[in-house]
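Report on the structure given below.
The values are calculated or read from the model by the stated rules, or taken from the named source; none is laboratory data. Not measured: the values here are computed from a predicted model. Here the Cβ positions follow ideal geometry from the backbone for every residue, glycine too, while neighbour counts run over all protein chains shown. For accessibility, only protein heavy atoms count, side chains too; no ligands or nucleic acids. Shrake-Rupley method; radii C 1.70, N 1.55, O 1.52, S 1.80 Å.
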Amino acid sequence: MSEYKSGSNLEKVLKAGHFAFTGECGPPQGANVEHLKEKAAHLKGCVDAVNVTDNQTAVVRMSSWAASLVLLQEGLEPNFQMVCRDRNRLAIQSDILGVYAHGIRNMLCLSGDHQRFGNHPEAKNVFDIDSMQLIYTVKTMRDEGTFLNGQDIDVPPKLFIGAASNPFAEPFEFRVYRLAKKIAAGADFIQTQCIYNMDRFREFMKRAVDMGLHEKCYILAGVTPMKSVGMARYMAKQVPGMDVPASLIKRLQGAGKGKVAGEGIKFAIEQIEEFKEMEGVAGVHLMAIEWEHRVPEISELAGMLPRPKV
Amino acid sequence: MSDNFKPKIVAFYCSNCASSAASVAESMNKALPDNVKIVQVPCTGRIEILHLLKPFEEGADGVYVAGCQEDSCQYVTGITKAAKRVAYVKKTLEQLDIEPERINIYNLSAGKGQAFVDVALEMNDIVRKLGPVLSE
Amino acid sequence: MIVAEQKPIKEILEMVKDYNKILVLGCKGCVTVCNVGGSKEAAILASTLKIAARKNGKKIEVEEHTLERQCDPEYIDEIKDMIDDYDAVVSIACGVGPQFLSERYPSARVFPGVDTKFMGGAVEHGIWSERCAGCGTCVVHHFGGLCPIARCSKSLLNGPCGGSSNGKCEISKDVDCIWDIIVRRMTELGRLEELLEFVPPKSWITARDGGPRRLIREELVL
Ligand code: SF4
Ligand code: SF4
């Protein structure tokens, strides 16, 4: 029996006490494997694991498990994401077995954006179980070796269980309790929503540390560099549960023509530097959406390279 | 539409304002066109959607409601209610591909005899231009 | 109550376009209370159909009638002597009505005149809102008396999700986040701890997912 829950690279890095660094890659809206491989290539060697999104924002894409396998073949460690919107508990459990059988070792459990956002708003949703119950499902399968109905699993899947936390959504005071609930349900690591409001995040982390949550679970702080003022404004206004302070928008505006993206990266690096020192933060989750080619540069500047070999 | 088309119009008058305007008009010797049939109601708020539809069902080409000013309705919200119902019937007519202009609501004040006649003439004019309720 | 909304008139006209003797059948139950399928609305719909016929230069006969309830065979029976006089029936009861009619009078052409929406109530005059999804095992007492199954867009039992903002649900600024309300209410009641407990996956056997439902009360069966 190994000392690890899953033996994934991410788990080993965290367990060894290294400051973890994860990336993200959205599967293509088609079967364009080459494009996916190209995006993945930028991340290779820069991060410990790569989140593979699951019909993100309710837009149909190549399935997350399939794209995860492509990454695996390319020598990257996937963090397979699963949402509860599109599957019932039968499909959920069988997909968990399937991904494990193919060598996937990390899984991020999410409720999923409502389909009304996406490109098939007419769809019927599932939500048989919620993200909390999904965490519990993966844990039950791994640690109890049983399905949700109590029946034994012939070779249980050993996955490193991830969950998301949005410190900025409302009701704010409840968010840290919900985090605690996810940890109690079985989350091994947490990746937060993109952070822009550092004051609020500091407060959130302080409360998490006061509750001792950082000792029960690895918390990775979410970072998404701003590419433009337009993106910052869009996130501030249009994305529910996103907190972009006006001061940041101002700072980006002040950067001047052609320099906004650079300023966005600079802010991200400052954030990462602070996270390295912040009590309770075990790593950073970098979501450079459609900006994979900038990841090597960001990783370098943030002093995250080389990644530890564990 | 033929030039000698004489539309049938049904007018609902609130007995408080519009009807006193009517008597003023009468004393001024101003008469309504004879194709406008008047129905007096105690308050326009009492006119149900069905009342507004029935004339169309029975052959009217236009319907209008003449009531108080919004702020002088004796029953406070009577005229506002009537306005909502007229708006509803406009939508119904639209869905039937019938011109919504065939139904209207006017706010009159007691004692304004001229306005009383004017709205009748205006409605008459609108509906005459629209022609009968019948697709060719 | 069951809340319904009138179908677009054009849709109803299309349904009945080939029929000349039409019965508009109202119901004095829920649809009367939500002002969509009672005797008043039956009269309005009948009149509307007649105006449409006039406009199209067609001669049709439309009559209206309203039953005590359309979800009860006893009342459905009441029209047994008249139903054959019509070549179409537009039921403006909830979706149960057209079915009970079709089952009792298999040869009748029955059309739904309303779209049945949800189980809920009037929160303001003219505004109705959903309250129950008929899951078959009520648990509202765990959530401050509010139902996350019917009222959370994702039916989360361990909410709120990360999309909740300013008390509104991520799907629309017009939709309250029920989880925001639940958390606030439980906090006010000093019962927040109850929400910290993990709610395990729900059994949907008693819900529609378990197949069409049927209820038998032996003591009432004749
Ligand atoms: S818990 Fe079930 S029965 Fe109770 S209100 Fe919600 S949906 Fe209806
Ligand atoms: S925002 Fe609130 S109501 Fe909407 S899905 Fe999330 S928890 Fe449910």
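Structure summary
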read-out: Count of residues meeting criterion [part of a helix (DSSP H, G or I), of a type outside the set (A, V, I, L, M) and open to solvent by 60 Å² or more (accessible area, probe 1.4 Å)] in the range A:57-91; value: 3
read-out: Residue C:161, sole failed condition from (1) within 14 Å of ligand 1 (Cβ to nearest atom); (2) in a loop (DSSP other than H, G, I, E, B); value: (1)
read-out: Whichever residue in the range C:126-140 is in a loop (DSSP other than H, G, I, E, B) and within 16 Å of ligand 2 (Cβ to nearest atom) and, among such residues, is surrounded by the fewest Cβ atoms within 10 Å (Cβ to Cβ); value: C:139
read-out: Single residue of the range A:92-117 satisfying the filter (within 14 Å of chain C (Cβ to nearest Cβ) and not in a helix (DSSP H, G or I)) that is farthest from ligand 2 (Cβ to nearest atom); value: A:108
read-out: Residue count, the range C:178-214 (criterion: in a loop (DSSP other than H, G, I, E, B), within 9 Å of chain A (Cβ to nearest Cβ) and within 16 Å of ligand 1 (Cβ to nearest atom)); value: 5
read-out: Segments classed as helices (runs of 4 or more DSSP H), wholly inside the range C:1-102, with at least 3 members that are within 14 Å of another protein chain (Cβ to nearest Cβ); value: C:9-16, C:39-55
read-out: Residue count for the range A:132-167, restricted to those that are in a loop (DSSP other than H, G, I, E, B) and surrounded by fewer than 22 Cβ atoms within 10 Å (Cβ to Cβ); value: 12
read-out: Residue under evaluation residue A:222, criteria (1) within 13 Å of another protein chain (Cβ to nearest Cβ); (2) within 21 Å of residue A:279 (Cβ to Cβ); (3) in contact with a Gly (Cβ under 9 Å, 6 or more places away or on another chain), criterion not met; value: (3)
read-out: Selection within the range C:147-159 - within 15 Å of residue A:171 (Cα to Cα) and more than 8 Å from ligand 2 (Cβ to nearest atom); value: C:158
read-out: Index of the failed condition, residue C:116 passing every other in (1) crowded, with 16+ Cβ neighbours inside 10 Å; (2) within 13 Å of ligand 1 (Cβ to nearest atom); (3) among the polar types (S, T, N, Q); (4) in contact (Cβ under 8 Å) with a residue 60 or more places away in the chain; value: (2)
read-out: Some residue of the range A:192-215 being buried (at least 18 other Cβ atoms within 10 Å of the Cβ), more than 10 Å from chain C (Cβ to nearest Cβ) and in a loop (DSSP other than H, G, I, E, B); value: yes
read-out: Count - residues of the range C:133-154 that are in contact with a Leu (Cβ under 9 Å, 6 or more places away or on another chain) and more than 6 Å from ligand 1 (Cβ to nearest atom); value: 4
read-out: Residues satisfying the stated conditions in the range A:17-36, i.e. of a type outside the set (A, V, I, L, M) and open to solvent by less than 60 Å² (accessible area, probe 1.4 Å); value: A:19, A:21, A:22, A:23, A:24, A:25, A:26, A:27, A:28, A:30
read-out: Among residues of the range C:160-217, those that are within 12 Å of ligand 2 (Cβ to nearest atom) and over 23 Å from residue C:130 (Cα atoms), counted; value: 0
read-out: Cross-chain or 6+ apart pairs with Cβ under 7 Å, the range C:130-148 first and at positive phi and within 14 Å of another protein chain (Cβ to nearest Cβ), then assigned to a helix (DSSP H, G or I) and within 15 Å of ligand 2 (Cβ to nearest atom); value: C:144/C:182; C:144/C:185; C:144/C:186
read-out: Enumeration of residues in the range A:118-147 that are under 30 Å from residue A:48 (Cα atoms), charged (D, E, K, R) and at the interface with chain C (Cβ under 10 Å from one of its Cβ atoms); value: A:130
read-out: Unique match (being within 13 Å of another protein chain (Cβ to nearest Cβ) and either out of contact with any Asp or Glu (no Cβ under 7 Å at 6 or more places or on another chain) or without any contact (Cβ under 8 Å) to a residue 12 or more places away in the chain (or both)) among C:171, C:127; value: C:171
read-out: Helices (runs of 4 or more DSSP H) contained in the range B:1-114 and holding at least 1 residues among the hydroxyl-bearing types (Ser, Thr, Tyr), in contact with a helix residue (DSSP H, G or I) (Cβ under 9 Å, 6 or more places away or on another chain) and modelled with pLDDT of 80 or more; value: B:78-95
read-out: Matching residues in the range C:1-60 - criterion: being free of Cβ contacts under 8 Å to residues at least 40 places away in the same chain and basic (Lys, Arg); value: C:10, C:17, C:40, C:50, C:54, C:55, C:58, C:59
read-out: Leading residue by the ranking (farthest from residue A:180 (Cα to Cα)) among those in the range A:92-131 that are out of contact with any strand residue (DSSP E or B) (no Cβ under 8 Å at 6 or more places or on another chain) and open to solvent by less than 10 Å² (accessible area, probe 1.4 Å); value: A:127
read-out: The range C:200-222 residues that are over 30 Å from residue A:181 (Cα atoms), paired with ones that are open to solvent by less than 50 Å² (accessible area, probe 1.4 Å) and assigned to a loop (DSSP other than H, G, I, E, B) (beta carbon under 7 Å, 6 or more apart); value: none
read-out: Check on residue A:241, in contact with a strand residue (DSSP E or B) (Cβ under 8 Å, 6 or more places away or on another chain), more than 11 Å from every other protein chain (Cβ to nearest Cβ) and not in a helix (DSSP H, G or I); value: no
